[in-house]
Every structure is written in C-alpha cells, then in structure tokens.
Amino acid sequence: MSLTVVGCAGSFPGPDSAASCYLLEADGFRLVVEFGNGALGPLQKHAALFGVDAVCLSHLHADHCVDLYSYAIARTYSPAGPQPVIPVYGPARTRERIGLIHGPDGDADGLMKRFSFETLAARSFSIGPFDVTTVPMNHPVETFGFRFTYGGRTIAYSGDTGETEAVARLARDCDVFLCEAAFLEKPDLPPDVHLTARQAAGYAARAGVGELVLTHLQPWNGADDALAEAAAVFDGKLAMAVPGQVLNLAR
C-alpha cells in the first residue's frame with residue numbers, strides 16, 4: 001500500500017501546493033482521497049487521467065471536493081468518448097453539491113453521470129482492496145475521518161476536525177496518521193473547526209500511532225512552527241506532508 005500526497009494546503013491552495021488530495025494505491029487499484037482546489041493538475045503526475053478507480057470525499061467544503069467537477073468534465077468530454085462510471089463515496093448530497101458548481105441550475109448537462117454516488121455513514125466497508133472505516137468528525141459540516149487497511153497495515157486520515165476524542169479512536173494503533181493541523185497555537189482560535197499541530201500530536205500520542213504526518217497547513221503558517229509544536233508532545237516519527245511525498249507501507 002502506498003500513499004502519495006498530491007495536495008496538502010489547507011483552506012485554499014498555496015504557492016507550492018494544491019488543496020487536499022491524496023492518492024492511495026494497492027494491487028493496481030487507485031483511490032483518490034479528497035479532490036480539493038487545483039488537485040486535478042498535479043494528480044496527473046502520479047496517475048493516468050483516467051486511471052482512477054474510486055474517489056472518497058471527507059466533506060463538501062471546496063478545498064476538499066471542488067476539483068471533482070473538473071474531473072467530471074474530463075471524463076465526459078474525453079476524445080476517446082465518455083469514460084466508465086466510477087464510484088464516489090461522500091457525505092449526503094454530494095451529487096447535488098458538485099453539480100451546482102456547473103451552474104445555478106445544477107447538473108443540466110448530465111456531467112455527474114460519470115460517477116455513481118455512495119453516501120457515507122459511520123460504518124466499515126470495502127473499496128477495492130481496502131478495508132475502510134468511517135468515523136464522524138467535529139467540523140461545521142458533516143465530515144468523516146477514514147481508516148484504510150490493506151495487508152495488515154493501516155493509514156488513518158482525519159479529514160477536517162476540531163477537538164474530539166473521535167480523533168484518537170480513529171487513529172488508534174495505526175501505522176501512519178495523516179492529520180490536519182490547520183492552526184498554530186494562539187489565543188482565541190475558533191472552536192470546533194480545525195486542530196492545532198500541538199492538538200494533532202496529542203491525539204497521535206494517545207492513539208499510539210507509528211508515524212504522524214501533519215497536513216492541511218494553511219499557506220500563511222510555517223511548516224517549521226507546526227513541526228516544533230507537534231514535537232513538543234509527540235516523540236514518535238513525525239513529518240510534514242509535502243506535494244509529491246510517497247509513503248510506502250509494506251505488508
């Protein structure tokens with residue numbers, strides 16, 4: 001199993017990164033996790049344009065889903081003809097949300113026909129070779145964290161979340177925890193929106209994760225500051241997500 005960081009900027013694309021997008025691969029199956037602003041371009045560095053087998057969206061904020069619309073355009077108007085339908089796993093009303101990007105009348109041209117939509121709930125199921133568990137997170141809109149397991153190895157991904165013990169449950173004993181760290185510590189941060197790097201590291205320490213990878217850093221925050229905050233409370237393997245980074249998890 002491998003995880004490629006396609007985009008890791010939080011809230012909006014930065015000068016060096018698209019918004020959230022990750023490519024999970026095993027047994028030749030390619031699962032795109034998140035499809036944020038600007039992600040479709042760099043995704044093509046790591047996978048053929050029509051080589052994606054499924055998509056997962058944690059929630060319906062633009063920095064996590066909006067480029068699914070661009071992908072619908074590509075799959076509909078390919079010179080080789082409309083591409084096969086692939087599944088998209090997302091919160092309720094994902095089809096409507098992406099269709100409305102097309103215009104105020106929604107998906108009048110049938111672009112969403114290139115996808116089948118599966119509504120997420122708190123449960124365990126399979127996507128291709130991956131065993132998947134979804135856990136509700138603490139964010140202003142319905143949001144899920146994911147656990148992906150293959151060959152006895154597990155990657156947990158927080159999605160976007162404020163403080164909640166669900167984060168520690170999601171990450172329990174995972175090999176790699178990809179966790180949002182949009183905020184740095186300062187007074188009067190808005191509650192129930194995002195984690196600080198220190199908070200993310202605290203959950204990782206309690207969960208006993210093998211490696212913590214901080215992601216979703218807002219472009220005006222410094223990666224070194226985030227790493228320093230996290231290292232103060234987490235003494236395990238620690239890294240910041242960067243575009244093009246590949247994490248390989250052997251069986």
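FYI, it's all coordinate maths here, none of it is from the lab. This one's a predicted model, so the numbers in the text were calculated from it and none came from an experiment. FYI the Cβ positions are ideal-geometry reconstructions off the backbone, even for glycines, and counts take in every protein chain you see.
Quick notes on this one:
- Selection of region 1-32 for residues being more than 22 Å from LEU195 (Cβ to Cβ) and either surrounded by 24 or more Cβ atoms within 10 Å (Cβ to Cβ) or not acidic (Asp, Glu) (or both) yields MET1, SER2, THR4, PRO15, LEU23, ALA26, GLY28, PHE29, ARG30, LEU31, VAL32.
- Complete set of residues in region 222-242 that are in contact (Cβ under 8 Å) with a residue 40 or more places away in the chain, buried (at least 16 other Cβ atoms within 10 Å of the Cβ) and part of a loop (DSSP other than H, G, I, E, B): ALA241
- Of the residues making up region 154-199, just one is of a type in the set (Asp, Glu), assigned to a loop (DSSP other than H, G, I, E, B), touching a strand residue (DSSP E or B) at 6+ places or on another chain (Cβ under 8 Å) and within 22 Å of GLY36 (Cβ to Cβ), namely ASP160.
- Complete set of residues in region 115-153 that are surrounded by 13 or more Cβ atoms within 10 Å (Cβ to Cβ), assigned to a loop (DSSP other than H, G, I, E, B) and of a type in the set (D, E, K, R): GLU142
- For region 88-108, the condition holds for no residue, the condition being that it is over 18 Å from the mean Cα position of the chain (by Cα) and aromatic (Phe, Trp, Tyr).
- Per-region count, region 31-46, residues under 14 Å from the mean Cα position of the chain (by Cα) and not in a loop (DSSP other than H, G, I, E, B): 5
- PHE35 passes every criterion in (1) farther than 30 Å from LEU184 by Cβ; (2) buried (at least 18 other Cβ atoms within 10 Å of the Cβ) apart from (1).
- Only a single criterion out of (1) under 12 Å from the mean Cα position of the chain (by Cα); (2) assigned to a loop (DSSP other than H, G, I, E, B) is not satisfied by SER11, namely (1).
- Selection within region 200-221 - part of a loop (DSSP other than H, G, I, E, B) and in contact (Cβ under 8 Å) with a residue 24 or more places away in the chain: GLY208, VAL209, GLY210, HIS216, GLN218, PRO219, ASN221
- Complete set of residues in region 176-198 that are surrounded by fewer than 24 Cβ atoms within 10 Å (Cβ to Cβ) and charged (D, E, K, R): GLU185, LYS186, ASP188, ASP192, ARG198
- Taking the conditions (1) of a type outside the set (Val, Ile, Thr); (2) surrounded by fewer than 16 Cβ atoms within 10 Å (Cβ to Cβ); (3) in contact with a helix residue (DSSP H, G or I) (Cβ under 8 Å, 6 or more places away or on another chain); (4) at negative phi in turn, ASP173 satisfies each one other than (4).
- Tally of residues being free of Cβ contacts under 8 Å to residues at least 12 places away in the same chain and under 20 Å from ARG123 (Cα atoms) across region 166-199: 0
- Taking the criterion of being in contact with an Asp or Glu (Cβ under 8 Å, 6 or more places away or on another chain), in a strand (DSSP E or B) and over 12 Å from VAL55 (Cβ atoms), the residues of region 14-30 that qualify are ALA19, PHE29.
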